[in-house]
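Report on the following structure.
The values are calculated or read from the model by the stated rules, or taken from the named source; none is laboratory data. Computed from a prediction, not measured in an experiment: that's the story for all the values here. Cβ placement follows ideal geometry from the backbone for every residue including glycine, while neighbour counts extend to all protein chains displayed.
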Amino acid sequence: MTVHSVDLLIVGAGPVGLYGAYYAGVRGLRVAVIDSLSQLGGQITAMYPEKLIFDIAGYPAVKGRDLVDALVAQASSASPLYVLGQEAQELSTDSSGAHIVTTSGGDEIRCRAIVITAGIGTFSPRKLSAGEDFLGRGLEYFVPDPAPYADADVVIVGGGDSALDWALMLEDIASSVTVVHRRKAFRAHAATVAQVERSAVELITDAEVSALGGNGTVAHADIVIKGTDDIRRVHCHRVVAALGFVANLGPLREWGIELRNNRHIVVDSAMRTGREGLYAAGDVVDYDGKVRLISVGFGEVATAVNNAAVHIDPGAQLFPGHSTDEQPAPALAPA
């Protein structure tokens, strides 16, 4: 068993967790970051590294992969300890108030405070029951790399942001892209829907994929349109099932923190949970007026880390000062 001793543990290595690691360095804290995924970047790395993100301050548009790379470079100033490919499991607190987290890999992390930035927690894709036998043989739930879709006929199943974002991303490289959605209205952002409607992507709404077929690999998708008895067969080489995800906080449910709807952690304005020394930020938290955007999560985790710094050292100031104060002002040229 490996024992790690740090001041602060961040649970979740997505964008918000990485920015939290940077801010821990600003406060002079030794920080560890744990994530069940084997790579940094959380859902962005797992689901849409090539997708353009438009709502990050200072970036008119930035690829997910590039955003993660920039956040990792920024966090490196804190020299964080990364514990990847392991899940945070049991939490205990000793008589001194130190928290002890055991991991799925058998490690032990001792710390004075914890910030949970676990996004939607452990997530798994909703399955396309009509074609699960073709998983890995033409059927996928993510598009981490668009290259295999070049010159292919692609069917995307779903009506949310991921489905339409992937449709737009693949339109330029695929031979054809067809989106199948079980409702008439899409759940994606209105501007994205409008962009898809102007594109060459074919939209089949009020419909569901009833079966996938092919000899070893996907060759076609059978589609049933509501109100008809006919089955439309669409020939395709690849199918992306973008049906959303089942969120699961897993062992964090047993950490003695208040949950809302069994999936979000309730916090106050200081990002405190109901357990001493535990804070949370990002998509995993809930409070009145919560808006689930990465940009909001950045502010929340800065608040959480600064309050955790005071918890670790009650004599510390809550406000860390401005980053511009770290460098002397430029000398004025002589008159």
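Quick look at the numbers
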{"read-out": "Filtered residue count, region 24-65, keeping only those that are part of a loop (DSSP other than H, G, I, E, B) and not hydroxyl-bearing (Ser, Thr, Tyr)", "value": "17"}
{"read-out": "Residue match in region 82-90 (condition: among the small types (Gly, Ala, Ser), in contact with a Lys or Arg (Cβ under 6 Å, 6 or more places away or on another chain) and farther than 15 Å from VAL301 by Cα)", "value": "no"}
{"read-out": "Selection from region 258-296 of residues that are within 17 Å of LEU8 (Cβ to Cβ) and not aliphatic (A, V, I, L, M)", "value": "ARG272, THR273, ARG275, GLU276, GLY277, TYR279, GLY282"}
{"read-out": "Count - residues of region 134-152 that are of a type outside the set (Asp, Glu) and within 15 Å of ALA241 (Cβ to Cβ)", "value": "11"}
{"read-out": "Failed criterion for ALA194 (all others in (1) over 24 Å from ARG65 (Cα atoms); (2) surrounded by 20 or more Cβ atoms within 10 Å (Cβ to Cβ); (3) among the aliphatic types (A, V, I, L, M) hold)", "value": "(2)"}
{"read-out": "Qualifying residues in region 82-119 (those that are among the β-branched types (Val, Ile, Thr) and over 20 Å from ALA270 (Cα atoms)) - the one farthest from the chain's Cα centre (by Cα)", "value": "THR93"}
{"read-out": "Scan of region 253-308 for residues that are closer than 21 Å to ARG110 by Cα and within 15 Å of the chain's Cα centre (by Cα), ordered by number", "value": "ALA280, ALA281, VAL301"}
{"read-out": "Only one of VAL193, VAL209 that is under 21 Å from ASP172 (Cβ atoms) and under 29 Å from the mean Cα position of the chain (by Cα)", "value": "VAL193"}
{"read-out": "Verdict on LEU164 being under 22 Å from the mean Cα position of the chain (by Cα), in a helix (DSSP H, G or I) and closer than 30 Å to SER36 by Cβ", "value": "yes"}
{"read-out": "Among (1) within 13 Å of the chain's Cα centre (by Cα); (2) free of Cβ contacts under 8 Å to residues at least 12 places away in the same chain - the single one LEU40 does not satisfy", "value": "(2)"}
{"read-out": "Selected residue (only one of SER95, SER76 is part of a loop (DSSP other than H, G, I, E, B) and farther than 30 Å from VAL239 by Cα)", "value": "SER95"}
{"read-out": "Single match in VAL31, VAL68 (criterion: buried (at least 20 other Cβ atoms within 10 Å of the Cβ), under 24 Å from VAL143 (Cα atoms) and among the β-branched types (Val, Ile, Thr))", "value": "VAL68"}
{"read-out": "Per-region count, region 34-45, residues surrounded by fewer than 21 Cβ atoms within 10 Å (Cβ to Cβ) and touching a Pro at 6+ places or on another chain (Cβ under 7 Å)", "value": "0"}
{"read-out": "Tabulated pairs, region 87-99, first in contact (Cβ under 8 Å) with a residue 24 or more places away in the chain, second surrounded by fewer than 16 Cβ atoms within 10 Å (Cβ to Cβ) and polar (S, T, N, Q), C-beta under 6 angstrom, 6+ apart or interchain", "value": "GLU87/SER104; GLN89/SER104; HIS99/THR93"}
{"read-out": "Residue in region 115-151 that is modelled with the highest pLDDT, counting only those that are among the charged types (D, E, K, R) and surrounded by fewer than 16 Cβ atoms within 10 Å (Cβ to Cβ)", "value": "ASP151"}
{"read-out": "Members of region 1-27 that are of a type outside the set (Lys, Arg), surrounded by fewer than 22 Cβ atoms within 10 Å (Cβ to Cβ) and in contact (Cβ under 8 Å) with a residue 60 or more places away in the chain", "value": "MET1, THR2, VAL3, HIS4, SER5, VAL6, ASP7, VAL26"}
{"read-out": "Single unsatisfied condition, VAL157 versus (1) in contact with a strand residue (DSSP E or B) (Cβ under 8 Å, 6 or more places away or on another chain); (2) closer than 21 Å to LYS63 by Cα", "value": "(2)"}
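Matching residues to (1) buried (at least 17 other Cβ atoms within 10 Å of the Cβ); (2) at pLDDT 90 or above:
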site	(1), (2)
VAL180	yes, yes
ARG183	no, yes
VAL209	yes, yes
ASN215	no, yes
THR228	no, no
ILE231	no, yes
GLU254	no, yes
ASN261	no, no
